[in-house]
Amino acid sequence: MQPFEIPIKGLKSGRSVYKWHADGGFFGTFENTEILAADLDIEVEVINEDYSIEVRGQIDGNVTVACDRCLGDLEIDVHTSFEDDEFEGCQVLDIGQDIYDFVCIALPMQRVHPEGECDEETAKFISK
C-alpha cells in the first residue's frame, strides 16, 4: 500500500482512522519547488457506511518556503482540514492529491518574515 492510499476492498464498516507523516519529499513527487521542507502530521477518518464512504482529514505541522522579501527560509505553520465523499467506483482511496491541495491552499499568498527578521545582508539592499 502506497502512502495516502486506502484500499476499499476489505475496508470495515464504520469508522477507521489512518495516520501518516509527510515531509518535503512528498511535495517533490508533485514537482513542487516552492515547499523546501515539511513536517506534517496527517490524520484521516474514513467512515464506511457500505453504500457511501466519507473521508475527513486533519493536517497539522509546518512547511518551509522561501521568504518573498529576503529569500531566506521561512517556516509557516499549517493547520487545515478537509472532507471528501467523491469516491464512487474507486478501488483505492488515494487522498495524496487532497493533502497536497489543502496544504498549498492553507499557505498565505504573501510569505514574508515578521518585520525585522529577514536576512540582515539582504535587508540592507531592500532598504536602498
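The values are calculated or read from the model by the stated rules, or taken from the named source; none is laboratory data. Computed from a predicted structure; not experimentally measured. Cβ coordinates were reconstructed from backbone atoms using ideal geometry, including for glycine residues, and neighbour counts include every protein chain displayed. Each accessible area value is taken on the protein alone, full model and side chains, heavy atoms only, with ligands, DNA and RNA left out. Shrake-Rupley method; radii C 1.70, N 1.55, O 1.52, S 1.80 Å.
So here's what we get for this one:
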| quantity | calculated |
| --- | --- |
| Single residue of region 8-48 satisfying the filter (exposed (fewer than 10 other Cβ atoms within 10 Å of the Cβ), in contact (Cβ under 8 Å) with a residue 12 or more places away in the chain and of a type in the set (D, E, K, R)) that is nearest to Gly96 (Cα to Cα) | Lys19 |
| Yes/no for Asp77 being touching a strand residue (DSSP E or B) at 6+ places or on another chain (Cβ under 8 Å) and loosely packed, with under 13 Cβ neighbours inside 10 Å | yes |
| Matching entry among Gln97, Gln58 (being in a helix (DSSP H, G or I) and out of contact with any Cys (no Cβ under 9 Å at 6 or more places or on another chain)) | Gln97 |
| Residue match in region 81-88 (condition: surrounded by 13 or more Cβ atoms within 10 Å (Cβ to Cβ), in contact (Cβ under 8 Å) with a residue 24 or more places away in the chain and touching a Pro at 6+ places or on another chain (Cβ under 9 Å)) | no |
| Residue match in region 51-63 (condition: open to solvent by 20 Å² or more (accessible area, probe 1.4 Å), under 30 Å from Phe125 (Cα atoms) and out of contact with any strand residue (DSSP E or B) (no Cβ under 8 Å at 6 or more places or on another chain)) | no |
| Residues (more than 17 Å from Gly61 (Cα to Cα) and open to solvent by 70 Å² or more (accessible area, probe 1.4 Å)) located in region 89-113 | Gly89, Gln91, Asp94, Gln97, Met109, Gln110 |
